[in-house]
Each structure stands twice: as C-alpha cells, then as structure tokens.
Amino acid sequence: MMNVIKKIGIYALPLVFALGACNSGTIKSPDYSWVYDNIEFDMPIVQEPVIPNNSVNIADLGAIADGITLNTHIFEKAINMMASKGGGKVIVPAGIWITGPIVMKSNINIHLKEGALVRFSDNFDLYPVVESAFEGIMTYRCQSPISGRDLENIAFTGSGVFDGNGQAWRPVKRFKMTNNQWRNLINSGGVLEDNESYWFPTEQAARGYVISNRGNLPQLETYEEFVEIKDFLRPVMVSLINCKKVLLDGLTFQNSPAWNIHPLMCEDVTIRNLTVRNPWYSQNGDGLDLESCKNVVIYNNNFDVGDDAICFKSGRDKEGRDRGMPTENVIVKNNIVYHGHGGFVVGSEMSGGVRNVHVSDCTFMGTNIGIRFKSTRGRGGVVENIYISNINMIDIPTEPIRFNMFYGGRAPVLDDDVSNHAEAMPINEETPLFRNIYVKNIVASGFGNAALFMGLPELKLKNIVLENAILKAPKGFSIVDADGIELKNVTIIQEEGPALIIFNSNNIEISDFNYNKKTGDAGLVVSGASSGSIKISKDDFNRPDQQIRRVNNASDNAITIR
C-alpha cells in the first residue's frame, strides 16, 4: 500500500506543477520524483510553495548596489508591495547589496539573480534583541539577518549569495588559526579571554561569554540583562519558525554569525541545490539545523562549514520534551559535505525525538565525524527508525560512525578493558533512547577509530544494524553498552590493536566479519558484563583461542560460535 501511495503522489507531481503554473505562478522545477524512491517508511510528498505571478525588482525601487548604501528599507518596501498584491517575487539583480535584517511575509519569493550578493550590515544597532531560539530553547538573541514566523508559502531562490558578515560577530579560538592569522586578528581590535586564547570582537561580547559561564546560553532573568550583553547574542542567519511550505533552492548561504540555516517547527520544507559555507574555524558555524520539523526533503546540496553540517534536533531537555514535536519524515539524498564537525548528525538537543529519516548517496570529505548521533543524560527523547545507506567517507579525523550518549559528559575511557566505566543511573523521562537504526553500504577511511557505538549503562543502544561496510582506520571498532547489534559483512582494516571491542553489551550477532590479521592482536575482545548472547561465525573466527580474547571478567559463556 505504501508503494502505491508513493507512486500516485510522484506521478501526480508534474500535473500539480502544471496546474499551479497556469493558475498561480508555482515556482517551476525539474522532475525531482527520484527523491522519493526506495524510502523505508510512509513518506508524504512535500508540498512546495505556490507564489503568485507578481514581481518587483529592488533596483526599480531605488536600491543601490554599490556595496556601501544600506538598502534595508528597499527590501522592506518590496516585500510589503508584493504582500499587498497577495504575494510575489522580489528580484535582486547582480550587484553588491548591503542591508539590515530582512523580515519575510507569506507568499513571498526572494529571488537572487546570478551575480547578486546580499551582504548583511555589520552595524549591530540594526539587530535588536528579540525573542528567538538557540540550541534547543527559547531565549533572547539578536534579530536574525533573515527571519520569518508563522508564515506560509515562502521561498528563497536563484543563483546569488546571502552573506551574513559573520566575522563581525564570531569569537575565534587561538588553536584554530595560524600565527599570522592570530596576529592580524588581534591587531584588528577586540578583547581576549581564557588566558588570551579566545578572541571576541567587542568588550560586550567578551562580558557576555563570562556571564554565560563560558557557554552559549546566558542564564539571565530580564530582557534588560540580555540587552546589556547584546554583542554576545549572535543570531542564526536564517531563522524560520512555525512556517509551512518553505523552499530554499539554488542559492549560496555563507558566513553566518552563528548557525547558518535554522528551520524550527516548520512543515513541508524543501532544501535543494544549495551551497552552504562557513570558515572551518567558525564557532557554532553549523550549516543546517533542522529542529522539530515535519515532512522535509534535503538534496543536491554542498556543505563546507565550521560545525555540524546537516543536523537534526528537537529541543533541549524539559523544554524540548514539553514541546513534544519530533523531527520526522525527512529525506536526505545526494549531498556533499567537506569540512564540518559531523556530516549527518542527530542531537545533541533531541529531547522531542527524531524519527522516520532516510539518508542516502552522500559523500563526506574531511568531516571530524561522518555519521554522528549524540545525546546525554537529561535530554530524554527517542531517536528511532533511521535508515542510512550508500555513504562514502574519506579523511575522517575521528570515527566515520559514532554513537555517543555522553556528549559533554564523562564517557568511558576506550581501551581493551574500557576502564573508568560510568555507573548506571535510574531510568526516567530524562534518559535518551536511540533504537532501530540501520546503516548499510558504507565505505570510510579515517585517522582515528573505525567506529564507536556507545550507549548508557542504564539504557543501552537498541537494535542497531551495520551492513556492508568497509572501515579503514588506525584503531578498531568499539561497542559499549549496547543491546541488539548486528554486524553483517563488515570489514575493519585497523593498523593496530583489536578489530572489535565489545564491552557490557548483549545480543550481538556478527557474520561475514573481516579484519586486518597482520596486527598480531585479537580480532575480537569481549569485556565487562557482556553476559548475553554474542553470536559469531566459525568461518570468521576459525582460531578462537588466538582470535578472541576475554578480559575484565567477561563470561566464558558470552560467546557462541556457530
């Protein structure tokens, strides 16, 4: 039945586009029906915005493309003009257009022609402190360069560039720059903190950092207190809250003050053909943070950023659980990530849950981690029904695949016996759960560990399948506090040490497992309270006395050789 529904929806797409084009000027696009092929769950066809056939060119309204003149009022005038007609396209021709914040309205498409650069002013006075969201909670931040709230039918299209002028806002850590870069940065002004290892653009920004206990979220009570540290409250560049039928297509979004693109509580979102960029050293320089959104497609994009590239969230701790809005029904296909802390990421603010996600046909080159799941005690939330396939990764500094439930906390030390293991805590609504996650057809090489699956001792990772994977790295694969792990046709090409360490984990099935036997170490090390069934194939471990090692009181009955 699911396939029938999908086929009907896909075949109907060209008709819908044609009718819309005749009646209301639907934004035309090529046939993207392939995006819905081979999806493992019942995925609705994402509705795109329908924009009326009205248009205005900002140059005709008096905008000046000299890279100096402030055009904020012209953008506002153009948007209001189209809104008064029921909607339309605001055209930005080639040139350098300086502006303050752009506030969207329903039924508007901002269209940047080839050669158009919209750069947001570095005058902080243009960005008032407003109620907004950051890192999973509602708080006060400076006005975003692009924002929209409670809207329907909005689009950003074309082939031009939005530049957030992020260097005016962002702090910089010393270790992320060369000596010459650091010297030039200090000579430009600013204030140093943390033993002169952390640069801030203004004294007010540095004071905000100290007041915030060296974090990103100030624990202040009044609006006036937030205003006093205004320069510290860097905005996300594109903030879309509670919007429906959203399209971002063809543009470059770069140089954001904090996160780049942040849809929050939005529905029917299409993100395609984008280039999303930030300097590799940019603090909180995420590419796309999709939070508590429903029915989303993300495809044909390039990311090169300073933090997580494609990241799914759903609120932080109690506020996220009370919101109760998971990120769900999402397709991620055919994307390239260059630098980033993670290529595809879930968390750490996932307290409302993440479910029904398909990720396929992506390439990650040089991301710190490739596929990244992160959470910590206190978050709560359930991450489930995630399907990842056909991912190629190269030059990964740490793990190509990482599950870490101790993000920001004290994780076990990973060696043969996984010393310093955390004590189990009571399970309650604050305990995060990750389950039913399927990863297959993976090729990866890196400079750290082959992979890490680490759950919590009180609530283990549940039902994770890794199939058809070749993982090349200096060190092997560690599984800690997991239950129901399947490794099928997995090859670990480690340079030293054991290929696979299993600690405090149960119900593990391993078949068609290959590894580098030239290291002279065991292929499998079983450690801790792994008393449940670990099933392995005799074909894979035909010399168990040499290929398997039990340490740290591991039960002799833990392993079954079939």
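The values are calculated or read from the model by the stated rules, or taken from the named source; none is laboratory data. Source: prediction; values computed, not measured. In this analysis, Cβ positions are derived from the backbone assuming ideal geometry, glycine residues included, and neighbour counts consider all displayed protein chains. Note: areas computed on protein heavy atoms with side chains; ligands, DNA, RNA excluded. Shrake-Rupley method; radii C 1.70, N 1.55, O 1.52, S 1.80 Å.
When you look at Asp417, is it touching a Gly at 6+ places or on another chain (Cβ under 6 Å) and either on the phi > 0 side of the Ramachandran plot or modelled with pLDDT under 95 (or both), yes or no? Judged against the criteria, Asp417 is not a match. Restricting segment 476-500 to residues that are charged (D, E, K, R) and surrounded by fewer than 23 Cβ atoms within 10 Å (Cβ to Cβ), the residue that is nearest to Ile437 (Cα to Cα) is Glu486. A single entry from Ser132, Ser147 fulfils the requirement of being under 18 Å from Gln254 (Cα atoms), assigned to a strand (DSSP E or B) and either acidic (Asp, Glu) or in contact (Cβ under 8 Å) with a residue 40 or more places away in the chain (or both): Ser147. Within segment 501-519, being on the phi < 0 side of the Ramachandran plot, part of a loop (DSSP other than H, G, I, E, B) and surrounded by 19 or more Cβ atoms within 10 Å (Cβ to Cβ) holds for Ser505, Phe513. Determine if segment 76-83 includes at least one residue that is closer than 30 Å to Ile331 by Cα, in contact with a strand residue (DSSP E or B) (Cβ under 6 Å, 6 or more places away or on another chain) and in contact (Cβ under 8 Å) with a residue 24 or more places away in the chain. No; the residues of segment 76-83 include none that is closer than 30 Å to Ile331 by Cα, in contact with a strand residue (DSSP E or B) (Cβ under 6 Å, 6 or more places away or on another chain) and in contact (Cβ under 8 Å) with a residue 24 or more places away in the chain. Take the conditions open to solvent by less than 70 Å² (accessible area, probe 1.4 Å) and over 23 Å from Leu459 (Cα atoms) and apply them to Ala522. Does it pass? Criteria met by Ala522. For segment 64-97, the set of residues classified as of a type in the set (A, V, I, L, M, F, W, C), open to solvent by 40 Å² or more (accessible area, probe 1.4 Å) and not in a strand (DSSP E or B) consists of Ile64, Ala65, Met81, Ala94, listed by residue number. Considering Phe406, Phe373, the condition of being part of a strand (DSSP E or B) and either at negative phi or not acidic (Asp, Glu) (or both) is satisfied by Phe373 alone. Considering segment 243-283, the residues that are open to solvent by less than 10 Å² (accessible area, probe 1.4 Å) and among the aromatic types (Phe, Trp, Tyr) include one that is farthest from Lys105 (Cα to Cα), namely Trp259. Looking at segment 33-54, is at least one residue modelled with pLDDT of 95 or more and over 33 Å from the mean Cα position of the chain (by Cα)? Scanning segment 33-54 turns up at least one residue that is modelled with pLDDT of 95 or more and over 33 Å from the mean Cα position of the chain (by Cα).
Looking at Leu117, Leu61, just one residue is touching a Gly at 6+ places or on another chain (Cβ under 7 Å) and either open to solvent by 50 Å² or more (accessible area, probe 1.4 Å) or on the phi < 0 side of the Ramachandran plot (or both), and that residue is Leu117. For segment 312-330, the tally of residues that are within 15 Å of the chain's Cα centre (by Cα) and surrounded by fewer than 24 Cβ atoms within 10 Å (Cβ to Cβ) stands at 1. When you check Asp540 against the structure, is it of a type outside the set (Phe, Trp, Tyr), part of a loop (DSSP other than H, G, I, E, B), at pLDDT 90 or above and farther than 25 Å from Leu459 by Cβ, yes or no? In short, yes.
In the set (1) free of Cβ contacts under 8 Å to residues at least 60 places away in the same chain; (2) touching a Ser or Thr at 6+ places or on another chain (Cβ under 9 Å); (3) small (Gly, Ala, Ser); (4) open to solvent by 10 Å² or more (accessible area, probe 1.4 Å), Ser159 fails one condition alone, (1).
Lys173 passes every criterion in (1) buried (at least 19 other Cβ atoms within 10 Å of the Cβ); (2) in contact with a Ser or Thr (Cβ under 7 Å, 6 or more places away or on another chain) apart from (1). Here are Ser505, Ser511, Ser527: which of them is under 28 Å from Ala424 (Cα atoms) and more than 29 Å from the chain's Cα centre (by Cα)? Of the residues listed, the single one that is under 28 Å from Ala424 (Cα atoms) and more than 29 Å from the chain's Cα centre (by Cα) is Ser527. Restricting attention to segment 547-562 and to residues that are among the polar types (S, T, N, Q) and open to solvent by less than 100 Å² (accessible area, probe 1.4 Å), the residue that is modelled with the lowest pLDDT turns out to be Ser555.
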